[in-house]
Structure formats: structure tokens, C-alpha cells
Amino acid sequence: MKRAGRSAVVSAVLLMGFAASQVLSGSQAVFEDFHTKDEEGLPAGWRGEGLRSSENAKRTYTLVSENNVNFLSAKNANQRVHKKMAWDPKAMPLVNWRWRLHTAPAGAEPIAAVYVSLDTDLMFIPVSTKYVWSSSKPKGTLTEGGIFGATEIVVRNGAQPVGEWLEERVNAYDDFKRIHQHEPAPQAWGISLLGGPGVEIDFGSITVSAP
């Protein structure tokens, strides 16, 4: 899965894509706290994948506040929503998030996933690592994504516990280098979230940080 280094022209185009986004810097930064809603009801800056997916995302992803804690609720979404946000993945390689499961039908796969995209390919399609809450695959299982799919790493297994906020932390930079055998782009592309089929799950705040 090796790829030749990108040219200065490609790097410039990537950075132009982040012109409207805040560039995260420092030792820790909040990628998303789910406090701000756009005119369509989604968290500000978040989009579905295509027009039809965006319409469905508005029905299946909802901003919720509970005891002064804001989060994104996903109900039978079975599709991704994404947000572009640049940060230096080498300086801040750790991606941290919270999620809370309510219900998952037997055999739902995945229960949920967080896609961390640190680069794009030569067609400017995000290159992602898919961190999965799996109903059946053992924690630590790595499945190669092939040419067009994201490589999957299982970070949590089984449909338990229910109703409890759980915290995850991954070193997305190290995982990217281990999988792709080259450095990611100087500025990451963003993050996507996925609630699985028939699953009701909440996504809490997402941060990136230095080790």
C-alpha cells in the first residue's frame, strides 16, 4: 500500500481545501463538542456523503443536550457523516472520543465506527483508518481495506455496556504509518462518524492531542 510522495502542487491543493476551516494547533484541541447546529439541524460543519445521504443524515443524526452535556445521537443511521478539519497529525497524533450505546440488534456490524482521515489519495479521496466498535470481532483485529476501502481496527467488542459513556484513544498517526508505510499529509483531512444498522448510539466530544 505504498505510495509515492505527493508534490508541492498536491499539497497546496489540499491546504486550499481547508481554507474555510480552523487549523488545530497546540498540544490539545477540541475537534468537535457538538454545541453548534447548522440551518439543516446537523452539527455545524458536518455533512452526509452525497445529496441523498445528507437528507437521510438529517433524519438519523440529532444534536442532543443532556445534563449540560452535548452529543450527537445516531438512530439506525447506517451511513457516515463527516467534518473536514485540519490539524498536524504528527504533532497531535492522538484522537480521543466518547460514545454511548443504547441498543444494537443481534449481529449488527459494525455497532459504530469513527473514521480518521489523515491524507487523501491521488484523486483527493480521503484515506481513512476505521476504528470500529464490533459486535463480534475481537479487539485489535485489523482488516485491510483494499484499494478503495478504509482499513479497519477493532477498538471495542460486544454490545455491552449499555447506557454508559466510554472513552477511546487511538494513535492515528502511528496506525497510519503502520498500515500505509509512509507519512500522512502535513494537515489531516478530517473525521467521519458512523452509527450501525439498527443501532442507537451517542457520540460525545472529539479531541486531538499530543502524546
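The values are calculated or read from the model by the stated rules, or taken from the named source; none is laboratory data. What you are looking at is a predicted structure, and each value in this text was computed from that prediction instead of being measured. Virtual Cβ from ideal backbone geometry, glycine too; neighbours counted across all protein chains shown.
It is to be established whether one or more residues within segment 129-144 are within 30 Å of Asn67 (Cα to Cα), in contact with a His (Cβ under 9 Å, 6 or more places away or on another chain), in contact (Cβ under 8 Å) with a residue 12 or more places away in the chain and not polar (S, T, N, Q). No: segment 129-144 contains no residue that is within 30 Å of Asn67 (Cα to Cα), in contact with a His (Cβ under 9 Å, 6 or more places away or on another chain), in contact (Cβ under 8 Å) with a residue 12 or more places away in the chain and not polar (S, T, N, Q). Filtering segment 49-76 to residues that are assigned to a strand (DSSP E or B) and either of a type in the set (Ser, Thr, Tyr) or under 16 Å from Pro197 (Cα atoms) (or both) leaves Tyr61, Thr62, Ser65, Ser73, Ala74, Lys75. For segment 21-79, the set of residues classified as at pLDDT below 90, acidic (Asp, Glu) and either touching a helix residue (DSSP H, G or I) at 6+ places or on another chain (Cβ under 8 Å) or buried (at least 16 other Cβ atoms within 10 Å of the Cβ) (or both) consists of Glu40 only. For beta carbons closer than 9 Å, sequence separation of 6+ or different chains, a first residue in segment 100-120 that is farther than 12 Å from Val154 by Cα and a second that is in a loop (DSSP other than H, G, I, E, B) and acidic (Asp, Glu), the qualifying pairs are Arg100/Glu164; Leu101/Glu164; Asp119/Glu183. Considering segment 115-168, and only residues there that are of a type in the set (Phe, Trp, Tyr) and at pLDDT 95 or above, the residue that is nearest to Met85 (Cα to Cα) turns out to be Tyr115. Criterion applied to Pro110, Pro161, Pro93 was being under 15 Å from the mean Cα position of the chain (by Cα), over 19 Å from Ile206 (Cα atoms) and not basic (Lys, Arg), and the one residue passing it is Pro110.
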